[in-house]
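Let me begin by presenting the structure, written as structure tokens, before commenting on it.
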Amino acid sequence: MPTATMKRYQVRNLDCAACAAKLENNLKRMEGVDDAVLDFAGLTLHVQAREPARIEEMVRRIEPAVQLIPMPETGAPLPQGPAYHFKREMGLLALSLLLFLIHLKFEDRLHAAAWHGWEYLLVLAAYLSAGWNVWIAAGRTLRRGDFFDENVLMTIATSGALAIHALSEAVAVMLFYKVGELLQERAVARSRRSVWALLNARPQRAMVQTLSGLQVVPPEQVEVGQTIVVKPGDKIPLDGTVLTGQSRVDTSPLTGESRPRSVRPGEGVMAGAINLNGALTVQVTRLFRESSIVKILDLVQNAAARKAPTEKLITTFARYYTPAVVLAAALIAVVPPLTVGADFRTWIYRALVLLVISCPCALVVSVPLGYFGGIGRASRRGILVKGANFLDALAHVRTVIFDKTGTLTQGVFEVERVVTANGYSADQLLALAAAAEWHSTHPIGASIVRAFESSGGTLDVAGVADHAVLAGRGVRARWQGHEIVVGNDRLLHEEGIAHELCTVEGTVAHVTVDGAYAGHILIGDRLKPDAAEAVKALRSRGVAQVAMLTGDNPCAAGQVAASLELDRFEAGLLPEDKVRYLEQTLAAVEDGKVAYVGDGINDAPVLARADVGVAMGHVGADAAIETADVVLMTDSPAKLAEAIGIARGTRRIVLQNIFLALGVKAVFVVLGAIGLAGMWEAVFADMGTALLAVVNATRSAGVHS
């Protein structure tokens, strides 16, 4: 059996949210399709199928008018959808309105028998000017045996009104319906454009230095190690390190930070940032497909494939709501006349009123659009949420657990003091530790090597052998015939090596040589400037508990916890210990979700286990970013409070729309059934509610509190 693969498509000629939900459900039921998610707000289809070549054929079978455009490779620009024919639609609506007003003006005179033919001709002209495409869409729907499409229901309701000579109401209903649909389409399109603008904000070219001069090529063709030139005003096309030049760089397309940062030789720059005022020569460190901008585009494009529970609930509700109301309308049309001899025309009219409000458009459009806007808003602020389900989970976070190094602290270590033992000198101890840490990528090891080099020492690197990383504890290596271990207190306990207990406040790296204690190195790390602000902001947003898990020693961890006034901390932990403590927290927390924030590769297991895993993407390890549910594109922990604010604001708007739509529909179902609401009121309430809900949903693109 072939393996299922994921394909993404841009969807065209789909202007009905209920139709989108039906298309998604029908695709899921088709043989060979493992999963399908159609995001109506973003007009994208995500399909996991064993025969992807048949997807377009399957869609044509379900919705013949729908066109699928295969999405390009990650990071490539999106194909532009066809423009909505706004001017043409407005012209036809203006004509319909003019004819309708003429009919209203001369309605009494046209009722005369001699003018009946002219009256119907005038009414039909006004009716079809507004609703010609509704009839065409209804015909396509009926041909495939679907009777619960919004176009079919609107056609039946207005045709029924024409049949019982409610001519003005038939035209008014179609006219209001089309006006509401047009305004709704405009509002939805505006929200789509805001996210599509983000997805298309990719570098288009790179200027590569070659032996024959500068050559302009697509970023995809540039290899790691090549040198590129970025002129002032240009986008940086690939991740790299500055070789020459100084400039200010606008990273707002990636991080949402409005303040540009200065860069100089030796510092890194990210693809997608804008070089402001100085030419830079940059050595490429990552292929384009692995660059910062491509990761952002990939995360945003795939976010729609993960729907929130609220979205799934509304989709299920809509599936049963419309048939239920249509059934109720049928019963209202025939039961009273047949049982109590009531007037058929009166009860048919009431049934038609129910048909007008039987489509759940306000819900199936506005709820996904709200999440779509929230994810787009977060993306523009440098917060990448990998799906609406994680945005929903963020809104319920009441407990936050931070990693320490690189998350709450800067992760830029400096050797502060070398304390020797058993006859070793400070220079000897530093040289031994540097040899053991020479091949290490950990910030602590790098700080030891840096301190050794700064002291003027030189090292026979070729003599370093048998280097091994002991996860969460330290390193071991052989150099000049000696076995050297550099690690934390826990490692020395495991090795059974007697050593001096350190009560200093800071990170301590113990050094042993051939099983004997040689001393320790005190290493300092500073809190991030906004760490305290981040904790306060989280508490102000209702986070009840803020904790910290770290592999560092209890003294250093205690100092950080006290400075930030954390509720609790656990120190000296291995990655598996962090998972265990997190699981205990998950079991103990009764209210809300638990978020874990980390940046290192050793944080990946605990990020995966948390209700919401949050990675610091600017400096974080790829494994952490891949595993996390939310990625903060700056090294600021305060971004988490902003992310929670956006999530809660988005959810508040979604709930407002649900209560608005259900409340209005419930009222008008009752009023229509008992004859207190006519078709005018019904269509005004239905389309007015849908429009209000859509406009309210677009607010989520600007929600930040």
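The values are calculated or read from the model by the stated rules, or taken from the named source; none is laboratory data. For clarity, every value in this text was computed on a predicted model and none was experimentally measured. Positions of Cβ are backbone-derived with ideal geometry, glycine not excepted, and every protein chain shown enters the neighbour counts.
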Is the range 480-492 home to any residue that is in the same structural domain as His442 (by TED's automatic domain parsing), more than 21 Å from Val508 (Cβ to Cβ) and part of a loop (DSSP other than H, G, I, E, B)?
yes
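How about the range 441-457: which of its residues are of a type in the set (S, T, N, Q), in contact (Cβ under 8 Å) with a residue 12 or more places away in the chain and out of contact with any helix residue (DSSP H, G or I) (no Cβ under 7 Å at 6 or more places or on another chain)?
As a first pass, look at the range 441-457 and keep what is of a type in the set (S, T, N, Q): 441, 447, 454-455.
Okay, now just the ones that are also in contact (Cβ under 8 Å) with a residue 12 or more places away in the chain, so 447, 455.
Of everything in the range 441-457, just one residue is of a type in the set (S, T, N, Q), in contact (Cβ under 8 Å) with a residue 12 or more places away in the chain and out of contact with any helix residue (DSSP H, G or I) (no Cβ under 7 Å at 6 or more places or on another chain), namely Ser447.
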For the range 82-103, pairs from a residue that is surrounded by 12 or more Cβ atoms within 10 Å (Cβ to Cβ) to a residue that is at pLDDT below 75, with Cβ under 6 Å and 6 or more apart or across chains, are Tyr84/Glu185
From the set of residues in the range 512-537 that are modelled with pLDDT of 90 or more and among the hydrophobic types (A, V, I, L, M, F, W, C), which is farthest from Leu429 (Cα to Cα)?
Ala537
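Quick check: is even one residue across the range 551-563 surrounded by 19 or more Cβ atoms within 10 Å (Cβ to Cβ), touching a strand residue (DSSP E or B) at 6+ places or on another chain (Cβ under 6 Å) and among the polar types (S, T, N, Q)?
yes
Output the residue which, of all residues in the range 308-348 that are of a type in the set (Phe, Trp, Tyr) and surrounded by 12 or more Cβ atoms within 10 Å (Cβ to Cβ), is modelled with the highest pLDDT.
Residues of the range 308-348 of a type in the set (Phe, Trp, Tyr): 317, 320-321, 344, 347.
Next cut, surrounded by 12 or more Cβ atoms within 10 Å (Cβ to Cβ) only: 317, 321, 344, 347.
On the way: Phe317: 79, Tyr321: 78, Phe344: 86, Trp347: 89.
Top of the filtered list is Trp347.
Considering each residue of the range 546-574, count those that are among the acidic types (Asp, Glu), modelled with pLDDT of 85 or more and in a loop (DSSP other than H, G, I, E, B), and give that number. Working first, answer last.
Step one: of the range 546-574, the residues among the acidic types (Asp, Glu) are 552, 565, 567, 570.
Narrowing the set further to residues that are modelled with pLDDT of 85 or more leaves 565, 567, 570.
Keeping just the survivors that are in a loop (DSSP other than H, G, I, E, B) gives 565, 567.
Matching residues across the range 546-574 total 2.
Of these, Val670, Val683, Val703, which one is of a type outside the set (S, T, N, Q) and modelled with pLDDT of 80 or more?
Working: Val683 fails: modelled with pLDDT of 80 or more; Val703 fails: modelled with pLDDT of 80 or more.
Step by step, each of Val670, Val683, Val703 is checked, and only Val670 is of a type outside the set (S, T, N, Q) and modelled with pLDDT of 80 or more.
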Cβ contacts < 9 Å: first residue closer than 18 Å to Ala557 by Cα, restricted to the range 514-532; second residue acidic (Asp, Glu) and at pLDDT 85 or above, any location; separation 6+ or different chain. Result?
Ala532/Glu565
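Just checking, which of Val543, Val508 is under 30 Å from Glu583 (Cβ atoms) and either among the polar types (S, T, N, Q) or outside any strand (DSSP E or B) (or both)?
Details: Val508 fails: either among the polar types (S, T, N, Q) or outside any strand (DSSP E or B) (or both).
Exactly one of Val543, Val508 is under 30 Å from Glu583 (Cβ atoms) and either among the polar types (S, T, N, Q) or outside any strand (DSSP E or B) (or both), namely Val543.
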Condition broken by Gln545, with the remaining ones in (1) crowded, with 19+ Cβ neighbours inside 10 Å; (2) under 26 Å from the mean Cα position of the chain (by Cα) satisfied
(1)
Selected residue (criterion: nearest to Thr507 (Cα to Cα)) from residues of the range 458-479 that are without any contact (Cβ under 8 Å) to a residue 12 or more places away in the chain and more than 39 Å from the chain's Cα centre (by Cα):
Thr458
Scanning the range 396-419 residue by residue, the ones that are under 10 Å from Pro443 (Cβ atoms) and aliphatic (A, V, I, L, M) total 1
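Is it fair to say Ala435 is small (Gly, Ala, Ser), within 30 Å of Thr634 (Cα to Cα) and touching a residue at least 12 places away in the same chain (Cβ under 8 Å)?
Details: small (Gly, Ala, Ser): yes; within 30 Å of Thr634 (Cα to Cα): no; touching a residue at least 12 places away in the same chain (Cβ under 8 Å): yes.
It is false that Ala435 is small (Gly, Ala, Ser), within 30 Å of Thr634 (Cα to Cα) and touching a residue at least 12 places away in the same chain (Cβ under 8 Å).
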Give me the pairs, please: first residue somewhere in the range 356-368 and touching a residue at least 40 places away in the same chain (Cβ under 8 Å), second residue anywhere and part of a helix (DSSP H, G or I) and basic (Lys, Arg), beta-carbon distance under 6 Å, and either six or more positions apart or on two chains.
Ile357/Lys665
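Which residues, counting only those in the range 597-616, are of a type in the set (Val, Ile, Thr) and assigned to a helix (DSSP H, G or I)?
Here is the first cut: in the range 597-616, the residues of a type in the set (Val, Ile, Thr) are 597, 601, 606, 612, 614.
Scanning the range 597-616 gives Ile601, Val606.
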Tell me whether the range 616-628 contains one or more residues that are modelled with pLDDT of 85 or more, touching an Asp or Glu at 6+ places or on another chain (Cβ under 9 Å), buried (at least 22 other Cβ atoms within 10 Å of the Cβ) and not aromatic (Phe, Trp, Tyr).
no
Would you confirm, using the coordinates I've provided, whether Asn422 is surrounded by fewer than 24 Cβ atoms within 10 Å (Cβ to Cβ) and over 27 Å from Val469 (Cα atoms)?
no
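Conditions tested, residue by residue: (1) farther than 21 Å from Arg264 by Cβ; (2) in contact (Cβ under 8 Å) with a residue 12 or more places away in the chain; (3) outside the structural domain of Ala271 (by TED's automatic domain parsing).
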position	(1), (2), (3)
Pro203	yes, yes, yes
Met207	no, yes, yes
Leu211	yes, no, yes
Val216	yes, no, yes
Thr227	no, yes, no
Val230	no, yes, no
Gly240	no, yes, no
Leu243	no, yes, no
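Matching residues to (1) among the hydrophobic types (A, V, I, L, M, F, W, C); (2) buried (at least 16 other Cβ atoms within 10 Å of the Cβ); (3) at pLDDT 75 or above:
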residue: Pro2; (1), (2), (3): no, no, no
residue: Gln10; (1), (2), (3): no, yes, yes
residue: Asn13; (1), (2), (3): no, no, yes
residue: Cys16; (1), (2), (3): yes, yes, no
residue: Ala20; (1), (2), (3): yes, yes, yes
residue: Arg29; (1), (2), (3): no, no, yes
residue: Val37; (1), (2), (3): yes, yes, yes
residue: Ala41; (1), (2), (3): yes, yes, no
residue: Glu57; (1), (2), (3): no, no, yes
Do we find a residue being free of Cβ contacts under 8 Å to residues at least 24 places away in the same chain and either in contact with a helix residue (DSSP H, G or I) (Cβ under 6 Å, 6 or more places away or on another chain) or not in a helix (DSSP H, G or I) (or both) anywhere in the range 325-333?
yes
